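Below: the structure, in structure tokens.
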Amino acid sequence: MDLFLLSVLVLLAITSIMVTVSRHIGLGSILGLLIAGIIVGPHTGGFTVTSQVETLRHFTEFGVVLLLFIIGLEMQPSKLWSMRKEVFGLGSLQVIVSGVVLGFYMNFFVENLSVAMLIGFTLALSSTALVMQLLQEKGKLNTEHGKSAFAILLLQDLAVVPLLAVLPLLSNQQQTSQTPWWESLATVVVMFILLVAFGRYIIPSALDKVAKQRNKDAFLLLTMLSVVLSAYLMDNAGLSMALGAFLMGMFLSTSRYNFQIESILEPFKGILMSLFFIAVGMSIDFNAIWDNPLVFSGHIIVILILKALVVFALVLAFGGNKSGAIKLAFLLNQSGEFGFVLFGAAKAINLIDDTLFVVGIGVISISMLLTPVLYSFGCSLANKLANLSQFSYFNTENAAMEQKVVVAGYGSTGKVISKMLKSSGIPFMVFDINTQEVALGRKNGMPVFFGDITDMRLLNTIKLDQASMLIVSIDHSLNAIKIVKHIKETYPHIKILARALDIKVMDKLLFAGANWVIAETLESSIRTGEEALSQMGVPSDEILILLEALRKNEYEAIREITKE
């Protein structure tokens with residue numbers, strides 16, 4: 001236990017320092033995690049946290065599964081269908097062209113052309129975990145080059161399947177128990193049908209029941225179950241676990257629980273992804289590099305350059321602009337985590353020897369290590385070229401996001417506000433924890449989602465920092481005060497409009513930071529008095545003067561009246 005605590009202490013200390021330094025110099029946290037893994041890994045001669053690097057990497061790969069699940073939650077089927085050209089066109093060509101080019105390059109070092117091509121296609125696959133985390137960290141997921149990167153990576157995940165299937169055919173070993181093709185196909189079909197059934201019907205129904213009971217623990221467990229189940233089904237079908245998680249997330253993206261699910265899973269994803277990058281850093285064997293540093297360095301440089309040139313040319317061929325092509329070229333020219341799987345499987349059947357396996361793992365790890373730096377350089381280069389050009393490459397990349405309004409609560413007040421916002425064409429989102437109100441709102445075509453607006457993780461998930469106004473229309477006064485205080489401290493630029501039951505709660509909300517507060521009892525009293533005066537024949541201009549006097553300085557006149 002003492003050794004375990006010491007290992008955790010050293011790991012956390014080194015990781016905290018390296019991530020802080022890496023972020024401080026503008027390269028993001030991923031580079032810091034990779035370097036931390038190198039420092040505490042078994043190949044540096046210092047303090048080693050664990051020598052079971054491969055086991056740790058296998059465990060932390062579930063972080064990649066969670067990452068793809070969360071991406072699926074943000075990718076509705078219609079949105080994916082609109083990207084079919086990029087996925088099956090650009091993505092397929094990137095894998096094929098990069099694989100062939102790298103295969104011919106590797107043929108200079110590997111006698112068997114088939115094996116060289118397999119290595120080339122393996123190195124042609126980029127790192128889904130690294131790229132998507134990097135884009136998410138820098139807020140570039142919804143840019144043009146971010147969407148193109150996702151499309152290419154999705155196709156690469158699919159390409160792992162035929163590459164794994166081809167391995168036994170290249171091996172000299174006799175495969176005595178090969179499964180018939182029709183049986184494998186039937187397994188894939190059955191697993192996919194089960195995935196659709198659970199994702200579209202069973203899991204959402206179960207979430208409905210636990211949400212009605214306000215059972216947060218059961219909601220969390222069901223969410224985790226959906227991720228693990230999807231990964232298991234696709235793994236059992238011989239496909240990528242990450243692909244299964246992505247499909248499950250995409251099925252749940254149309255449900256009213258997608259934001260709440262994402263906010264629940266985000267902390268788990270963050271921890272596992274951090275450990276994954278640390279494990280990748282641990283995998284870098286510097287002894288293998290020092291054995292032949294010139295050849296090893298040459299492999300990395302040539303592979304990075306060839307992949308970057310292929311991606312750049314293909315993006316331009318598909319109508320992309322030079323800015324996006326440059327960014328993608330420097331973003332996708334590394335090799336990825338699926339290479340660990342493919343090289344491991346190839347080594348297991350003696351398709352490659354130990355030396356080639358170590359070099360392959362090293363090339364993948366070092367290329368991932370260099371990506372944050374290369375991507376930052378690519379973005380800077382693209383920005384400089386755009387400034388020199390008479391045309392702006394950033395019309396689509398950096399277009400200002402349309403401002404939106406977030407409404408907390410879909411009660412009677414929330415319904416009226418939502419109707420007014422929709423009629424005025426103002427983009428908005430509504431959150432409520434009452435499943436019946438959420439279902440009613442979605443039935444009426446309103447963007448109403450299940451979610452606890454007092455959950456700070458949810459606020460990060462829905463990107464509240466991009467909103468221009470928050471309207472707090474929840475009945476629980478303490479929760480309303482809590483959320484107003486937090487949002488004013490965290491997002492001071494957001495205007496907050498809140499409603500209160502009485503003048504006491506109104507004062508507390510104003511003190512917490514609300515810009516405007518409407519006191520319902522006071523306004524109903526004023527409106528009742530206004531109608532009474534109007535019916536008694538008092539001129540409308542006199543009524544308006546009286547109303548202004550009553551509402552002046554946060555109902556100062558009414559405060560004097562109600563003191564006694």
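Throughout, read-outs are computed from the coordinates displayed, never taken from laboratory work. As the structure is a prediction and not an experimental result, all values here were calculated from the model. With ideal geometry, Cβ positions are generated from the backbone for all residues, glycine too; neighbour counts draw on all protein chains shown.
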Mean Cβ count within 10 Å, highest first, over the residues of peptides 33-42, 95-104: 33-42, 95-104
Three-way shape call for the range 416-500 based on the alpha-carbon gyration tensor, with the a/c threshold at 1.5: prolate
Among (i) 18, 46, 26, 8, 2, 0; (ii) 20, 49, 25, 6, 0; (iii) 18, 41, 25, 13, 3, 0, the entry that matches P(r) over Cα pairs in 20 Å bins from 0, in percent as calculated here: (i)
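Once R0 is set to 35 Å, what does the formula 1/(1 + (r/R0)^6) return for the Cβ-Cβ distance between D291 and K322, expressed as a FRET efficiency to the nearest 0.05?
Values: r = 40 Å, r/R0 = 1.15.
Step by step, r from the Cβ atoms, then E = 0.30.
Which of the trypsin sites (Lys or Arg not before Pro) found in the range 416-479 are loop residues per DSSP with 16 or fewer other Cβ atoms within 10 Å of their Cβ? Please report the intermediate quantities before stating the final value.
Values: sites: K419, K422, R442, K443, R457, K463; in loops: K463.
Answer by residue number: K463.
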Estimated dipole of the chain in Debye, rounded to 20 [Cβ of Lys and Arg +1, of Asp and Glu -1, Cα centre]: 740 debye
Loop-located chymotrypsin sites (Phe, Trp or Tyr not before Pro) in the range 1-82, at most 15 other Cβ atoms within 10 Å (DSSP): F47
Charge dipole of the chain about the Cα centre (unit charges at C-beta), most positive-ward option of G281, I300, F511: F511
Percent RCO, i.e. relative contact order, over the chain, from Cα pairs under 8 Å lying at least 6 residues apart: 16 percent
Mean separation of Cα contacts under 8 Å, 6 or more apart, over the residue count of the range 212-311: relative contact order %: 16 percent
The range 472-547: GluC sites (Glu not before Pro) in DSSP coil with no more than 11 other Cβ atoms inside 10 Å: none
Euclidean distance between Cα centres, the range 494-537 to the range 190-229, Å: 42 Å
Where labels lie 7 Å past Cα in the beta-carbon direction, separation of S16 and D502 in nm: 4.7 nm
Farthest toward positive dipole pole in the chain [+1 Lys/Arg, -1 Asp/Glu at C-beta], among L316, L164, L332: L316
On Cα atoms only, tilt of 293-317 relative to the major axis of the chain in degrees: 50 degrees
The range 404-561: C-alpha gyration tensor shape, a/c 1.5 cut-off, then a/b vs b/c: prolate
Which listed pairs, of K79/K269; K322/K488; K322/K347; K419/K485; K138/K307; K212/K463, have C-alpha distances above 29 Å, in listed order: K322/K488; K322/K347
Rounded to 10°, Cα long-axis angle of helix 540-561 versus longest principal axis of the chain: 70 degrees
